[in-house]
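> Here you go, one structure.
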Amino acid sequence: MREQIKQIAEEIIVKHGYRGLNFRQIAEVLSTTRANLHYHFGSKEGLVEEVLDEYATRTMDAYRDVLTDATMSLREKSRAIIEMARARYKRYNPGADAGHPWSLMTRLRSDSDALNDAMRNRLQAVTMEFELLTRIAVKAAVQSGELRADTPQERVTILIATVLHYQGLVTRDTGKFTRLVGLWESTLDAIEGSWGSDATKAKPAKKR
C-alpha cells in the first residue's frame, strides 16, 4: 500500500504540482480511506518528502552513472541524458508532444514557496550534485583530450549544468521535446567549436 500511495502521489505532483495534491484524490484512486493514508505517512508533507527523496535518489543515481562514465564523450553523455528525459516525457505526453510536465523536481520547484525546509533543502542538494557531476564530466573530457587543456572548465560546467537543470521547463514552455534535443546539440556544438581538440572537431557529429 505504501508503494502504491507513493506512485499515485508522484503522478499527481508531476501533473498538478504540490498544491494540486491531496489525500482525497489518492484515496479515491486506491479505493481506500484518507485515514489509511494518514496512518502510513502522517501528513501530506510527510508523503511528499518521502516521494521526493526516493525520486531524487533514483534520478541522481542514473545521472551519476552517465556523467562519470569514463568511456563516453560529453556528447555521448548528453545523448544518454536526452534518452532518459525522453522516456519520462513520453510517460506524461503519450502519443504526441503536448508540453505536459514530466519532472517531479521541476514541478516542485515551481511551488517552492509552499514547500517546507526539508523539501527545499533536498531540491538544493540535487542542484549542487548536478553541478558536481557535470564538473567531473568536464574535467574528464579535458583529461582525455576531448577538450583542450585551456578549456575554462567552470564556464563549460555552468553551460551544461544549466541545460540539465532546466530540461523540464524547456519542453513545457515550447511544447516540443525536439527543442530540448536541439538545445543539447547546440550547447555541445558551441563547446566543441570553442574548446574542442583538433581530433574532436574533425570527428563528424552523428545526427538524430
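The values are calculated or read from the model by the stated rules, or taken from the named source; none is laboratory data. Here the structure is a predicted model, which is why all the values come from computation and not from measurement. Glycine also receives a Cβ, built like all others from the backbone with ideal geometry; neighbour counts cover every protein chain displayed.
> Looking only at region 18-58, filter to residues that are crowded, with 17+ Cβ neighbours inside 10 Å and under 18 Å from ASP113 (Cβ atoms); which one of those is nearest to the chain's Cα centre (by Cα)?
Result: LEU52.
> Report, ordered by the first and then the second residue, all pairs with beta carbons closer than 6 Å, sequence separation of six or more or different chains, a first member in region 67-88 that is without any contact (Cβ under 8 Å) to a residue 40 or more places away in the chain, and a second member that is surrounded by 14 or more Cβ atoms within 10 Å (Cβ to Cβ).
Final answer for the pair search is ALA80/VAL66; ARG88/TRP102.
Yes/no matrix, rows are residues, columns are (1) modelled with pLDDT of 95 or more; (2) on the phi > 0 side of the Ramachandran plot:
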position	(1), (2)
ASN36	no, no
GLU54	yes, no
THR57	yes, no
ASP61	yes, no
ASP65	yes, no
SER73	yes, no
GLY99	no, yes
ARG120	yes, no
LEU123	yes, no
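> Among the helices (runs of 4 or more DSSP H) contained in region 110-206, which hold 1 or more residues that are surrounded by 19 or more Cβ atoms within 10 Å (Cβ to Cβ), of a type in the set (Gly, Ala, Ser) and within 19 Å of the chain's Cα centre (by Cα)?
In region 110-206, the matching helices (runs of 4 or more DSSP H) lie at 117-143, 153-165, 167-174.
> Sticking with this one: Just the residues that are hydrophobic (A, V, I, L, M, F, W, C) and free of Cβ contacts under 8 Å to residues at least 60 places away in the same chain, please, taken from region 164-199.
Correct list: VAL170, LEU183, ALA190, TRP195, ALA199.
> Sticking with this one: How do the pairs read when you match residues in region 6-26 that are touching a residue at least 60 places away in the same chain (Cβ under 8 Å) and closer than 19 Å to GLY99 by Cβ with residues anywhere that are assigned to a helix (DSSP H, G or I) and β-branched (Val, Ile, Thr), using Cβ under 8 Å and keeping only pairs 6 or more apart or on different chains?
So the pair list comes out as ILE13/VAL48; ILE13/VAL51.
> Let me ask something else. May I ask you to list the residues in region 85-107 that are part of a loop (DSSP other than H, G, I, E, B), among the hydrophobic types (A, V, I, L, M, F, W, C) and buried (at least 19 other Cβ atoms within 10 Å of the Cβ)?
Once the filter is applied, which keeps residues that are part of a loop (DSSP other than H, G, I, E, B), among the hydrophobic types (A, V, I, L, M, F, W, C) and buried (at least 19 other Cβ atoms within 10 Å of the Cβ), region 85-107 yields only TRP102.
> Looking only at region 69-78, filter to residues that are over 16 Å from the mean Cα position of the chain (by Cα) and of a type outside the set (A, V, I, L, M, F, W, C); which one of those is surrounded by the fewest Cβ atoms within 10 Å (Cβ to Cβ)?
THR71
> While we're looking at this one, here's another question. Assuming ALA70 fulfils every condition listed in (1) part of a helix (DSSP H, G or I); (2) within 16 Å of ARG135 (Cα to Cα); (3) of a type in the set (A, V, I, L, M, F, W, C) apart from one, which condition is it?
Evaluating ALA70 over (1) part of a helix (DSSP H, G or I); (2) within 16 Å of ARG135 (Cα to Cα); (3) of a type in the set (A, V, I, L, M, F, W, C) leaves (1) as the failure.
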